[in-house]
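*Asks:* Dropping a structure here in structure tokens format, bear with me for questions.
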Amino acid sequence: MRIGYTLMTEQAGPRELVEHAALAEGAGFDFEVMSDHYSPWLDEQGHAPYAWSVLGAVSQATERVELMTYVTCPTVRYHPAVVAQKAATVQLLSGNRFTLGLGAGENLNEHVVGRGWPPVNVRHELLREAVEIISLLFDGGYVNYSGEHFRVDSAKLWDLPEQRVPIAVAVSGNQSVRTFAPLADAMVSTEAEPALCREWDVFQGGGGSSRKIGQLPVCWDTDRDRAVERAHEQFRWFAGGWKVNSELPGTAGFAGATRFVRPEDVAEQIPCGPEVGPIVEAAAKFRDAGFTDLALVQIGGDHQREFLDFAKGKLLPALR
């Protein structure tokens, strides 16, 4: 399993993220993923720079690591034709190191353009049409598209990379797997569920060879109590699960929804403290489920340098 690093835009500013990207490459991570948010989950996180500008800078600050959005919603805040243009540009800038990760989005980020937040079945319809449009544009030439939700009028990517941008789609259950496995190159999920991987392989028809990319939050610190406190402060939103997290519109909602989440509740879900073992144990669940890639999230924007030193010296060798 390939081990990646998460550039979490909700917890660090743009210059810091570029610095962390270069340090993570030097530490030996295989790939780097970046969240694409308009807002942090909680006020305590405190950041939300524009991911695509940061990706452009990261493409120039790194040389080897693969890059990826984890994930972009191409349906409300962005039109899919524009997402295709952005992805093609990053592929060119990075020298064919980019994967476009797509998902159905969260109200937290998409409501800002004032178009409302549709129910989940409509969000999947929107995402399906968006993936179709982006794929057509990646094929080259002029694209006209008339769907139930989107129209495209004579669009063309004028700067198209020689190597097609791979598309990965976030899934959470059988319905989304059935819909997107035939349309995408890779799977994204934050749940270490073997059934997702098995069903993805069946509906993609690729014999199990496609990438399946997971994500694991950790809170490394030399002091475990301090790590648990920081994880609770900045990552207690994680306890709600995606069915809740996709619906709340702002940081106040997440603060209210998680006011009864205790530090020990967070520590049960997220490896906290200085030890390698709990992180390896949590990562093994993704390996055993069938994931090929796993991106780690170090909680706390001001605690990346020491984590990356730890990863280089102890964590990555242990995981491998």
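*Asks:* Does at least one position in the stretch 254-276 carry a residue that is of a type in the set (Lys, Arg), closer than 30 Å to residue 99 by Cβ and open to solvent by 20 Å² or more (accessible area, probe 1.4 Å)?
*Replies:* Within the stretch 254-276 (the criterion being of a type in the set (Lys, Arg), closer than 30 Å to residue 99 by Cβ and open to solvent by 20 Å² or more (accessible area, probe 1.4 Å)), the answer is no, since none of the residues qualifies.
*Asks:* What pairs can you find where one residue is in the stretch 83-98 and on the phi > 0 side of the Ramachandran plot, the other is open to solvent by 10 Å² or more (accessible area, probe 1.4 Å), and their Cβ atoms are less than 8 Å apart, with a gap of 6+ or different chains?
*Replies:* Final answer for the pair search is 96/161; 96/162; 96/163.
*Asks:* Another question, if that's okay. Here's a check for you: in the stretch 184-235, which residue that is polar (S, T, N, Q) and without any contact (Cβ under 8 Å) to a residue 24 or more places away in the chain is farthest from residue 72 (Cα to Cα)?
*Replies:* Selected residue: 209.
*Asks:* Could you grab me the full set of residues in the stretch 50-72 that are under 17 Å from residue 22 (Cβ atoms) and open to solvent by 20 Å² or more (accessible area, probe 1.4 Å)?
*Replies:* Listed by number, the residues that qualify are 53, 57, 60, 61, 63, 64, 66.
*Asks:* Within the stretch 259-273, count every residue that is in contact with a helix residue (DSSP H, G or I) (Cβ under 7 Å, 6 or more places away or on another chain) and not aliphatic (A, V, I, L, M).
*Replies:* 6
*Asks:* So residue 214 passes all but one of these: (1) in a strand (DSSP E or B); (2) of a type outside the set (Asp, Glu); (3) over 16 Å from the mean Cα position of the chain (by Cα). Which condition number does it fail?
*Replies:* Just one mismatch for residue 214, condition (3).
*Asks:* While we're here: Residues being under 22 Å from residue 102 (Cβ atoms), open to solvent by 40 Å² or more (accessible area, probe 1.4 Å) and not β-branched (Val, Ile, Thr): count how many of those fall in the stretch 202-226.
*Replies:* 5
*Asks:* Would you mind finding the one in 184, 168, 192 that is farther than 21 Å from residue 297 by Cα and either at pLDDT 95 or above or not acidic (Asp, Glu) (or both)?
*Replies:* Exactly one residue qualifies, and that residue is 184.
Residue-wise test of (1) touching a Pro at 6+ places or on another chain (Cβ under 8 Å); (2) of a type in the set (Gly, Ala, Ser).
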| residue | (1), (2) |
| --- | --- |
| 65 | no, no |
| 70 | no, no |
| 81 | no, yes |
| 88 | yes, yes |
| 105 | no, yes |
| 148 | no, no |
| 151 | no, no |
| 155 | no, yes |
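*Asks:* Sticking with this one: Evaluate the following for residue 290: is it in contact (Cβ under 8 Å) with a residue 60 or more places away in the chain, surrounded by 16 or more Cβ atoms within 10 Å (Cβ to Cβ) and under 16 Å from residue 229 (Cα atoms)?
*Replies:* Here the answer is no, as residue 290 does not meet what is asked.
*Asks:* Would you check if there is a residue in the stretch 10-29 being open to solvent by 20 Å² or more (accessible area, probe 1.4 Å) and in contact with a Pro (Cβ under 6 Å, 6 or more places away or on another chain)?
*Replies:* Checked against the condition, which is being open to solvent by 20 Å² or more (accessible area, probe 1.4 Å) and in contact with a Pro (Cβ under 6 Å, 6 or more places away or on another chain), the stretch 10-29 yields at least one hit.
*Asks:* What number of residues within the stretch 129-182 are among the aliphatic types (A, V, I, L, M) and open to solvent by 60 Å² or more (accessible area, probe 1.4 Å)?
*Replies:* The qualifying residues number 2.
*Asks:* Just a yes or no: is a residue in the stretch 94-105 open to solvent by 10 Å² or more (accessible area, probe 1.4 Å) and more than 19 Å from the chain's Cα centre (by Cα)?
*Replies:* Yes, some residue in the stretch 94-105 is open to solvent by 10 Å² or more (accessible area, probe 1.4 Å) and more than 19 Å from the chain's Cα centre (by Cα).
*Asks:* Pairs only if they're at least six apart or on different chains, beta carbon under 7 angstrom, first in the stretch 35-48 and in contact (Cβ under 8 Å) with a residue 60 or more places away in the chain, second open to solvent by 10 Å² or more (accessible area, probe 1.4 Å) and among the hydroxyl-bearing types (Ser, Thr, Tyr); list them, first residue then second.
*Replies:* That search, which allows pairs on different chains as well, returns 39/251; 40/251; 41/251; 42/251; 43/251.
Rundown of residues vs (1) in contact (Cβ under 8 Å) with a residue 40 or more places away in the chain; (2) more than 25 Å from the chain's Cα centre (by Cα), yes/no style:
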{"residue": "145", "(1), (2)": "no, yes"}
{"residue": "149", "(1), (2)": "yes, no"}
{"residue": "154", "(1), (2)": "no, yes"}
{"residue": "160", "(1), (2)": "yes, no"}
{"residue": "163", "(1), (2)": "yes, no"}
{"residue": "166", "(1), (2)": "yes, no"}
{"residue": "172", "(1), (2)": "yes, no"}
{"residue": "177", "(1), (2)": "no, no"}
{"residue": "182", "(1), (2)": "no, no"}
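Residue by residue, here is whether (1) in a helix (DSSP H, G or I); (2) more than 19 Å from residue 70 (Cβ to Cβ); (3) in contact with a strand residue (DSSP E or B) (Cβ under 8 Å, 6 or more places away or on another chain) holds:
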{"site": "92", "(1), (2), (3)": "yes, yes, no"}
{"site": "109", "(1), (2), (3)": "yes, no, no"}
{"site": "123", "(1), (2), (3)": "yes, no, no"}
{"site": "131", "(1), (2), (3)": "yes, no, yes"}
{"site": "145", "(1), (2), (3)": "no, yes, yes"}
{"site": "160", "(1), (2), (3)": "no, yes, no"}
{"site": "169", "(1), (2), (3)": "no, no, yes"}
{"site": "184", "(1), (2), (3)": "no, no, yes"}
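*Asks:* Quick check: anything in the stretch 207-221 among the small types (Gly, Ala, Ser), out of contact with any Asp or Glu (no Cβ under 9 Å at 6 or more places or on another chain) and closer than 22 Å to residue 66 by Cα?
*Replies:* No: zero hits.
The values are calculated or read from the model by the stated rules, or taken from the named source; none is laboratory data. Note that the coordinates shown come from a computational prediction; the quantities given were computed from them, not determined experimentally. Positions of Cβ are generated from backbone atoms using ideal geometry, with glycine treated the same way; all protein chains shown enter the neighbour counts. These accessible areas exclude ligands, DNA and RNA; they are computed on the full protein's heavy atoms, side chains included. Shrake-Rupley method; radii C 1.70, N 1.55, O 1.52, S 1.80 Å.
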